[in-house]
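Just below is one structure, and these are the notes that go with it.
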């Protein structure tokens, strides 16, 4: 069998990813390719396998079979720390800030450096999202939206080439949400690649050049947002029936 190889413009490729839990297949032969320098969306109904896919790609779940290539290197089965150091980082659905550390300490620890340069980088990131005045505040004393934003900044401390965002704006107020998306656009303009799980279709339509749709552990559609929105299989997955049978 010929070895599977990512195209030169693809930073992440997955082929045939399968993950089974007690006889139930959470992922069923998932193929996914992310073009370097883009913002790619991953959508699907609740329980479709989106977070499981992120768990597998990031090394948090090492029980899958298949192939994953990141930046031309096979990473399936690697530990999360290895993948993180290689340049692939992620956020989580629920905030994971360190509650007893200050905001600044949360960022510096994430960067695995404690020198002056790490602190300056952290303060610069906080400045960009209007949180510098919170540098000495403990993580547990932030609002939920602020915690989500700090988690995003922690990911940036390692200057990753690819960031997986798992519903980063969920539970975040509109002002902080806009700050988050503005930061994503800014970083993308500088070359950072994003793969984003997001339920807000307006955000997906606005941000993403390419969209994958996952349903029952399978990729059922892929393309730009317009083609996805009009895809009969996607409509059936979300609404239980296609437009041919009366779905809006």
Flag for residue 129 being within 21 Å of residue 188 (Cβ to Cβ), surrounded by 16 or more Cβ atoms within 10 Å (Cβ to Cβ) and in contact (Cβ under 8 Å) with a residue 12 or more places away in the chain:
yes
Qualifying residue in the stretch 147-157 (condition: surrounded by 14 or more Cβ atoms within 10 Å (Cβ to Cβ) and assigned to a loop (DSSP other than H, G, I, E, B)):
yes
In the stretch 84-113, residues that are at positive phi and at pLDDT 90 or above total 1
Among the residues of the stretch 177-215, count how many are touching a strand residue (DSSP E or B) at 6+ places or on another chain (Cβ under 7 Å) and part of a helix (DSSP H, G or I).
4
Requiring at least 2 residues that are in contact with a strand residue (DSSP E or B) (Cβ under 7 Å, 6 or more places away or on another chain), in contact (Cβ under 8 Å) with a residue 60 or more places away in the chain and surrounded by fewer than 18 Cβ atoms within 10 Å (Cβ to Cβ), the strands (runs of 3 or more DSSP E) wholly within the stretch 22-116 are 24-35
Among the residues that make up the stretch 118-137, is at least one of them in a helix (DSSP H, G or I), closer than 23 Å to residue 55 by Cα, touching a helix residue (DSSP H, G or I) at 6+ places or on another chain (Cβ under 8 Å) and modelled with pLDDT under 95?
no
Can you tell me how many residues in the stretch 180-216 are in contact (Cβ under 8 Å) with a residue 12 or more places away in the chain and over 17 Å from the mean Cα position of the chain (by Cα)?
2
Which numbered condition in (1) touching a strand residue (DSSP E or B) at 6+ places or on another chain (Cβ under 8 Å); (2) farther than 18 Å from residue 43 by Cβ is the only one that residue 163 fails?
(2)
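The values are calculated or read from the model by the stated rules, or taken from the named source; none is laboratory data. Please read these numbers as outputs of a predicted model, since none were measured by experiment. Cβ sites come from the backbone with ideal geometry, for glycine too, and all protein chains shown count toward neighbours.
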